[in-house]
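Colleague: A single structure is presented below for examination.
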Number of protein chains: 2
Amino acid sequence: MNAPASMIRLTTQRQIILEELSKVTSHPTASELYDMVRKRLPRIGLGTVYRNLELMAESGMILKIEVGGTQKRFDATTDEHYHIRCSVCGRVDDIDVPVVKELVAQAKESSAYMIQGHHVEFTGICSDCQKKQH
Amino acid sequence: MNAPASMIRLTTQRQIILEELSKVTSHPTASELYDMVRKRLPRIGLGTVYRNLELMAESGMILKIEVGGTQKRFDATTDEHYHIRCSVCGRVDDIDVPVVKELVAQAKESSAYMIQGHHVEFTGICSDCQKKQH
DNA sequence: TTACTAAATGATAATCATCATCAATTAACA
DNA sequence: TGTTAATTGATGATGATTATCATTTAGTAA
């Protein structure tokens, strides 16, 4: 009855991209991940990294973070949480602030949009950049 | 004693960019603003629009919004408030949900970052896009 | 195991948003 | 009205991302 589902293959590239992303607690950009992955797969193309990150984000395996800054970032942790971005170096980390569920309820009342979700992004200066500013 | 402050001129371009931005409640991108301004100043360059939006954002006259999506957006309203972005068309609007001041306090406790601020971005489907999805 | 086929890759070019450069123009003021 | 530095418009450069396409390969069936 269903149209034949397109087959999603388990390729070396995909596995290693996911492994490398899972190793770090920071939230690398596509090209940072490209550099990390290339140490193990020197012939991989940047396009493959972009393609797979996009694919994994769509399927919910990873999280695509579109915050301030020019590049998208990726996160292997998919449960709902907030982020903090360094305004100096652009680094993004998870932040352990409890998710405010009421925000969505409030938004539903005060907007004609059909609300899907929310995200909180804190801005600050990371400890590395604080040190460098002597 | 001070170095001579660089003179900031009141040009036609700047005035009209600010006027057009103030006219709308949406949050146009630089190129949307370019189209709006060009109806009154057909010879204006896109670079001028970018330059002035950046300048006005730096001086605090307007707000530069770096949310999801690929383009930066601008807002003539500068007091602290949250935004909602349509996941279909990318449109961004203000949303009337009270600012949660406690979030920053909580963030300060649970992070090594020097916290500067926060922003909440809701995601949803705007009424126009709801209609179009028959 | 081998052969088949659609999915995926790597290389490359194309696109899009933004920024930089620079000669020509113009706002502010003496 | 003339001077001068700030600004403009035109254009090119850059950086991130996406599209294209011939080649390779994972998954499956013989």
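Colleague: Could you check segment A:51-73 and list, in sequence order, the residues that are open to solvent by 30 Å² or more (accessible area, probe 1.4 Å), more than 12 Å from chain B (Cβ to nearest Cβ) and within 9 Å of DNA strand C (Cβ to nearest atom)?
Modeller: A:Arg51, A:Leu55
This table checks each residue for (1) touching a helix residue (DSSP H, G or I) at 6+ places or on another chain (Cβ under 9 Å); (2) at pLDDT below 95; (3) more than 18 Å from B:Ala107 (Cβ to Cβ).
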site: A:Met36; (1), (2), (3): yes, no, yes
site: A:Val49; (1), (2), (3): yes, no, yes
site: A:Asn52; (1), (2), (3): yes, no, yes
site: A:Ile62; (1), (2), (3): yes, no, yes
site: A:Arg91; (1), (2), (3): yes, yes, no
site: A:Ser111; (1), (2), (3): no, no, yes
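Colleague: Select from segment B:54-77 the residues that are of a type outside the set (Gly, Ala, Ser) and under 9 Å from the mean Cα position of the chain (by Cα) and list them in ascending order. So that I can check it myself, show each step before the final result.
Modeller: Residues of segment B:54-77 that are of a type outside the set (Gly, Ala, Ser), as a first pass: B:54-56, B:58, B:61-67, B:70-75, B:77.
Result: B:Ile62, B:Leu63, B:Lys64, B:Ile65, B:Glu66, B:Lys72, B:Arg73, B:Phe74, B:Asp75, B:Thr77.
Colleague: Additional query: For residues that are surrounded by fewer than 19 Cβ atoms within 10 Å (Cβ to Cβ) and at the interface with another protein chain (Cβ under 7 Å from one of its Cβ atoms), tally how many sit in segment B:97-116. Even if it seems obvious, please write down each step before you answer.
Modeller: Here is the first cut: in segment B:97-116, the ones surrounded by fewer than 19 Cβ atoms within 10 Å (Cβ to Cβ) are B:98-102, B:104-105, B:108-110, B:112, B:114, B:116.
Retained after the next criterion (residues that are at the interface with another protein chain (Cβ under 7 Å from one of its Cβ atoms)): B:100, B:110, B:112, B:114, B:116.
Qualifying residue count, segment B:97-116: 5.
Colleague: Still on this model: Any chance you could count how many residues in segment A:117-134 are in contact with a helix residue (DSSP H, G or I) (Cβ under 7 Å, 6 or more places away or on another chain) and more than 9 Å from chain B (Cβ to nearest Cβ)?
Modeller: 0
Colleague: Take B:Asp35 and tell me if it is of a type in the set (D, E, K, R) and in contact with a strand residue (DSSP E or B) (Cβ under 9 Å, 6 or more places away or on another chain).
Modeller: Working: of a type in the set (D, E, K, R): yes; in contact with a strand residue (DSSP E or B) (Cβ under 9 Å, 6 or more places away or on another chain): no.
So B:Asp35 does not fit the description; no.
Colleague: In segment B:11-54, which residues are in a loop (DSSP other than H, G, I, E, B) and more than 14 Å from DNA strand D (Cβ to nearest atom)?
Modeller: Step one: list which residues in segment B:11-54 are in a loop (DSSP other than H, G, I, E, B), which gives B:11, B:24-28, B:39-45.
Those that are in a loop (DSSP other than H, G, I, E, B) and more than 14 Å from DNA strand D (Cβ to nearest atom): B:Val24, B:Thr25, B:Ser26, B:His27, B:Pro28.
Colleague: Still on this structure: In segment B:117-134, how many residues are among the polar types (S, T, N, Q) and either within 27 Å of A:Ser127 (Cα to Cα) or open to solvent by 70 Å² or more (accessible area, probe 1.4 Å) (or both)?
Modeller: Filtering segment B:117-134 for residues among the polar types (S, T, N, Q) gives B:123, B:127, B:130, B:133.
Filter once more, so that each one left must be either within 27 Å of A:Ser127 (Cα to Cα) or open to solvent by 70 Å² or more (accessible area, probe 1.4 Å) (or both): B:133.
Total satisfying the criteria: 1.
The values are calculated or read from the model by the stated rules, or taken from the named source; none is laboratory data. In this text the structure is predicted, and so the values were computed from the model without any measurement. Every residue, glycine as well, gets a Cβ built from its backbone with ideal geometry; the counts of neighbours run over all protein chains shown. These area figures cover heavy atoms from the full protein model, side chains too; ligands, DNA and RNA do not enter into them. Shrake-Rupley method; radii C 1.70, N 1.55, O 1.52, S 1.80 Å.
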